[in-house]
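The values are calculated or read from the model by the stated rules, or taken from the named source; none is laboratory data. Worth saying up front: this structure is predicted, and the values here are computed from it rather than measured. As a convention, Cβ positions derive from the backbone with ideal geometry for all residues, glycine included, and neighbour counts pool all protein chains shown.
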Amino acid sequence: MGWGNPKVLQRIGRDVLVIEREDQGHSTHYADARAILEFVLQKAPTDQEAPANRAEKR
């Protein structure tokens, strides 16, 4: 696996998604890209969870 050790991130409480397809090379299939985006969006804070100073930066 070329992405380090995701178990380290899991031990410190980080959510990890690893999609590795050795036969695929450097290309990304639509289904994998969609899974990655869904994972990121599910983990993103909502407006209610975001820090109060976030609105000030706009």
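Computed quantities for the displayed model
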| quantity | calculated |
| --- | --- |
| Residue in the stretch 2-22 that is of a type in the set (F, W, Y) and at pLDDT 80 or above present | no |
| Near pairs, Cβ below 6 angstrom, 6+ apart or cross-chain, from the stretch 20-49 (within 22 Å of N5 (Cβ to Cβ)) to any residue that is surrounded by 10 or more Cβ atoms within 10 Å (Cβ to Cβ) | D32/I19; F39/L17; K43/D15 |
| Residue in the stretch 8-27 that is nearest to the chain's Cα centre (by Cα), counting only those that are closer than 24 Å to K43 by Cβ and among the charged types (D, E, K, R) | D15 |
| Test set (1) assigned to a loop (DSSP other than H, G, I, E, B); (2) at pLDDT 80 or above - E49 fails condition number | (2) |
